[in-house]
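Q: Structure in structure tokens, see below.
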Amino acid sequence: MWGIFMDQEKYAIIDIGSNTIRLVIYTRDKSGRFTESENVKAVARLRNYLNEENILEREGIEILLKTLQSFQEVTRHHQLKAIKCVATAAVRQAENQDEIMAAVESETDFTMRILSEFEEANYGYLAVVNSTPFASGITVDIGGGSTEITYFDNRQLIYFYSFPFGALSLKQQFIQGDTPTKGELRELRSFLKEQFDQLEWLADKRLPLIGIGGSARNMAQIHQEHIEYPFSGVHQYVMSKDDVEEVNGLLKSLEFSELQRLEGLSKDRADIIIPAVEVFRYLMEFIDTKQFALSRKGLRDGVFYEETTKDFDLSVFPNVVEESFHELAIDYDINLIHAFHVTNSALLISKELEEVGLLSLEEEDYKRLKLSSALYNLGSYIDSESSHQHTFYLLSNRTIDGLLHKERVIVALMASFKNREIFKRNVALYEKWFGKDELAKFSLLGAIIKLAYSLNATKRDIVKAIELEEKDEELIFSVQCSEDWKPEQYQVEKQKKHLEKQLKKTIDFKFYK
């Protein structure tokens, strides 16, 4: 079936979980990349139909078949040939899985594949290393009927474990009503301690805990709503231990009817969110971490990464941010040769300013400078007149894999720099995130990038070298060019005032061949 994958314009994954069943359709965009175009979810709660003998009862099988038949209407409409149908804990734990597979085969268009514990954990790990900046960490994917934990270091999977309990089965086992009593919570916590303490490789790792799956996503959404977070999207959202405790306290303070209406929480998760948050709380304590991060990419994306890279023997991307930059370059028609020259000029100016002690940059700043220079003026794709506004909006509102939210704002501020007033206006929503010195540095780097862009005004890439000499209160930049530089000189004279204001020095440019 997958031999035809790369010739397809669309393909689909059906993910049969213990709590929800989901159909996701990916469509090939103009860059040749597959992006999610449809996402259909059904709350089937198959775990509830797994009896004490671990037989999935007839009623559960019927619900599964009805759900898949309704998905079939969609896949037939889209004329999909490449469809991957995978099942996790509820079917994996069922003693009658052969009967279930045979029923799916005969009653629907789909052939179901049951993922092993390792496959499920591995797909979650692949999704995280290919879409977040974390080189080392612990992933936790709490589903309805199982919880997968992995430990990866230097972007390599080291250990994995799959526990046969999830948010739904914990609710069934420990909580009688819609919300837990204090006694039930005590029992649940001592059970979690007993379970997780078996994993010696997990204790005191002091690495970020990265949550995957619907319950982790809901916890992040609740927190964002609660603090009126000024940013869109939950992928790569970071919470502290105190933030997790705050959400936990909020959930426990509400009546069930209030939980069902809580912003950020799906109504169908209202009864299972508390056990899930208990898992995150205990794990943070056990691995001794202060950082919880959310990966919106999970099992389905892991399946996708494996499939799209299998011909290259490369299931882990070499560099997540570079992959993201290439996607942006395609989507917004970035001229890569021009972007390279702007970046080079910005680095030359920065290094010269460092030599004379007017700038001090860490390795992190150089990474930001390179990315922001390459993305400078990206908004002209929409409209050249208000390009800076569009640049800031696009970069701060688009999920960029490999960049945490704070980093994304920094890159957006630098890549959209027009003047200090607009910089201040853009940063207004995020001011609490940064110190005064940090903002001064980002503003200064923005002015350097703007100047570097002016040195490449005609996109002829004529700048060969830049040297700086300091005389009294004046900075003299000598710029070697390969061709006539008049248009560049005109732009530079017009734009240098932004850098002069920030360095509090007069700047002069001398061009020569």
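The values are calculated or read from the model by the stated rules, or taken from the named source; none is laboratory data. Since this is a predicted model, take the numbers as computed values, not measurements. When we count neighbours, we look across all protein chains shown, and the Cβ atoms used for this are built from the backbone with ideal geometry, even at glycine.
Q: Mind checking which residues of the range 272-313 are at pLDDT below 95, in a helix (DSSP H, G or I) and not polar (S, T, N, Q)?
A: Leu299, Arg300, Asp301, Gly302, Val303, Phe304, Tyr305, Glu306, Glu307, Lys310, Asp311, Phe312 - these are the residues of the range 272-313 that are at pLDDT below 95, in a helix (DSSP H, G or I) and not polar (S, T, N, Q).
Q: Can you name every residue in the range 430-465 that is at pLDDT 95 or above and among the small types (Gly, Ala, Ser)?
A: Gly435, Ala440, Ser443, Gly446, Ala447, Ala452, Ser454, Ala465
Q: When you look at Ala329, is it over 23 Å from Leu250 (Cβ atoms), among the hydrophobic types (A, V, I, L, M, F, W, C) and within 20 Å of the chain's Cα centre (by Cα), yes or no?
A: Yes; evaluated as a whole, the condition is true for this residue.
Q: Another question about this same structure. Being surrounded by 14 or more Cβ atoms within 10 Å (Cβ to Cβ), in contact with a Cys (Cβ under 8 Å, 6 or more places away or on another chain) and not in a strand (DSSP E or B) is the requirement here; does Phe71 meet it?
A: Answer is no for this residue.
Q: Please verify whether the range 212-229 includes one or more residues that are of a type in the set (D, E, K, R), closer than 26 Å to Arg300 by Cβ and crowded, with 20+ Cβ neighbours inside 10 Å.
A: Yes, the range 212-229 contains a residue that is of a type in the set (D, E, K, R), closer than 26 Å to Arg300 by Cβ and crowded, with 20+ Cβ neighbours inside 10 Å.
Q: Filter the range 23-49 for residues that are in a loop (DSSP other than H, G, I, E, B) and touching a Gly at 6+ places or on another chain (Cβ under 9 Å); which is farthest from Ser146 (Cα to Cα)? First the steps, then the outcome.
A: Here is the first cut: in the range 23-49, the residues in a loop (DSSP other than H, G, I, E, B) are 29-33, 44-45.
The next check asks that each one be touching a Gly at 6+ places or on another chain (Cβ under 9 Å); those that pass are 44-45.
Working: Ala44: 16, Arg45: 13 Å.
Applying the filter and picking the extreme gives Ala44.
Q: Oh, and also: Given the structure, is Thr108 crowded, with 16+ Cβ neighbours inside 10 Å, closer than 18 Å to Leu209 by Cβ and either of a type in the set (Val, Ile, Thr) or not assigned by TED's automatic domain parsing to the domain that holds Ile272 (or both)?
A: Taking the combined requirement at face value, the residue does not satisfy it.
Q: For the range 84-132, enumerate the residues that are of a type in the set (D, E, K, R), more than 30 Å from Val321 (Cβ to Cβ) and part of a strand (DSSP E or B).
A: Arg113
Q: Could you please tell me which pairs satisfy a Cβ distance under 8 Å, a separation of 6+ or placement on different chains, a first residue in the range 306-333 that is in the same structural domain as Arg33 (by TED's automatic domain parsing) and surrounded by fewer than 12 Cβ atoms within 10 Å (Cβ to Cβ), and a second residue that is part of a helix (DSSP H, G or I) and at pLDDT below 90?
A: none
Q: Right, here's the next one. If a residue must be among the aliphatic types (A, V, I, L, M) and closer than 19 Å to Leu394 by Cβ, how many such residues does the range 326-368 contain?
A: As a first pass, look at the range 326-368 and keep what is among the aliphatic types (A, V, I, L, M): 328-330, 334, 336-337, 339, 342, 346-349, 353, 356, 358-359, 361.
Those still in the list that are closer than 19 Å to Leu394 by Cβ too: 328-330, 334, 336, 339, 342.
Adding up the residues that qualify gives 7.
Q: Also: In the range 430-471, how many are surrounded by fewer than 16 Cβ atoms within 10 Å (Cβ to Cβ), in contact with a helix residue (DSSP H, G or I) (Cβ under 7 Å, 6 or more places away or on another chain) and not in a strand (DSSP E or B)? Full working, then the answer.
A: First pass over the range 430-471, keeping only residues surrounded by fewer than 16 Cβ atoms within 10 Å (Cβ to Cβ): 431-433, 435-438, 440, 458-459, 464-465, 467, 469-471.
Still in the list and also in contact with a helix residue (DSSP H, G or I) (Cβ under 7 Å, 6 or more places away or on another chain): 433, 458-459, 467.
Imposing the further condition that a residue be not in a strand (DSSP E or B) reduces the set to 433, 458-459.
The total comes to 3.
Q: Sort through Glu364, Glu355 and tell me the only one that's within 19 Å of Asp401 (Cβ to Cβ) and charged (D, E, K, R).
A: Glu364
Q: Return the residues of the range 382-405 that are surrounded by fewer than 16 Cβ atoms within 10 Å (Cβ to Cβ) and either in contact (Cβ under 8 Å) with a residue 40 or more places away in the chain or hydroxyl-bearing (Ser, Thr, Tyr) (or both); say none if nothing qualifies.
A: Ser384, Ser386, Asn397
Q: Here's something else I'd like to know. His341: within 28 Å of Thr506 (Cα to Cα), assigned to a helix (DSSP H, G or I) and either in the same structural domain as Leu404 (by TED's automatic domain parsing) or not aromatic (Phe, Trp, Tyr) (or both), yes or no?
A: yes
Q: Which of (1) in contact with a helix residue (DSSP H, G or I) (Cβ under 9 Å, 6 or more places away or on another chain); (2) at pLDDT below 95 is the odd one out, the single condition Glu385 does not satisfy?
A: (1)
Q: Applying the selection to the range 412-429, what residues are crowded, with 16+ Cβ neighbours inside 10 Å and among the small types (Gly, Ala, Ser)?
A: Across the range 412-429, the qualifying residues are Ala412, Ala415, Ser416.
Q: Would you call Gly264 in contact (Cβ under 8 Å) with a residue 60 or more places away in the chain and either farther than 23 Å from Arg28 by Cβ or surrounded by 21 or more Cβ atoms within 10 Å (Cβ to Cβ) (or both)? It would help to see each step written out before you state the result.
A: Working: in contact (Cβ under 8 Å) with a residue 60 or more places away in the chain: no; either farther than 23 Å from Arg28 by Cβ or surrounded by 21 or more Cβ atoms within 10 Å (Cβ to Cβ) (or both): yes.
It is false that Gly264 is in contact (Cβ under 8 Å) with a residue 60 or more places away in the chain and either farther than 23 Å from Arg28 by Cβ or surrounded by 21 or more Cβ atoms within 10 Å (Cβ to Cβ) (or both).
Q: Next question. Quick test for you: out of Ser360, Ser372, pick the one residue that is within 17 Å of Ile448 (Cβ to Cβ), of a type in the set (S, T, N, Q) and surrounded by 18 or more Cβ atoms within 10 Å (Cβ to Cβ). Don't jump to the end; show me each part of the working.
A: Details: Ser360 fails: surrounded by 18 or more Cβ atoms within 10 Å (Cβ to Cβ).
Among Ser360, Ser372, only Ser372 is within 17 Å of Ile448 (Cβ to Cβ), of a type in the set (S, T, N, Q) and surrounded by 18 or more Cβ atoms within 10 Å (Cβ to Cβ).
Q: Is it the case that some residue within the range 411-420 is assigned to a helix (DSSP H, G or I) and hydroxyl-bearing (Ser, Thr, Tyr)?
A: Taking every residue of the range 411-420 in turn, none turns out to be assigned to a helix (DSSP H, G or I) and hydroxyl-bearing (Ser, Thr, Tyr).
Q: Separate question: Tell me whether the range 282-294 contains one or more residues that are surrounded by fewer than 22 Cβ atoms within 10 Å (Cβ to Cβ) and closer than 30 Å to Val40 by Cβ.
A: Within the range 282-294 (the criterion being surrounded by fewer than 22 Cβ atoms within 10 Å (Cβ to Cβ) and closer than 30 Å to Val40 by Cβ), the answer is no, since none of the residues qualifies.
Q: Identify, please: which residue in the range 67-113 is of a type in the set (Gly, Ala, Ser) and under 29 Å from the mean Cα position of the chain (by Cα) and is, among those, nearest to Ile16 (Cα to Cα)?
A: It comes out as Ala87.
Q: Something else: Please tell me if Ala135 is part of a helix (DSSP H, G or I) and hydrophobic (A, V, I, L, M, F, W, C).
A: Details: part of a helix (DSSP H, G or I): no; hydrophobic (A, V, I, L, M, F, W, C): yes.
Here the answer is no, as Ala135 does not meet what is asked.
Q: When residues of the range 15-66 are filtered for being acidic (Asp, Glu), farther than 30 Å from Asp333 by Cβ and within 23 Å of the chain's Cα centre (by Cα), how many remain?
A: Number satisfying all stated conditions: 1.
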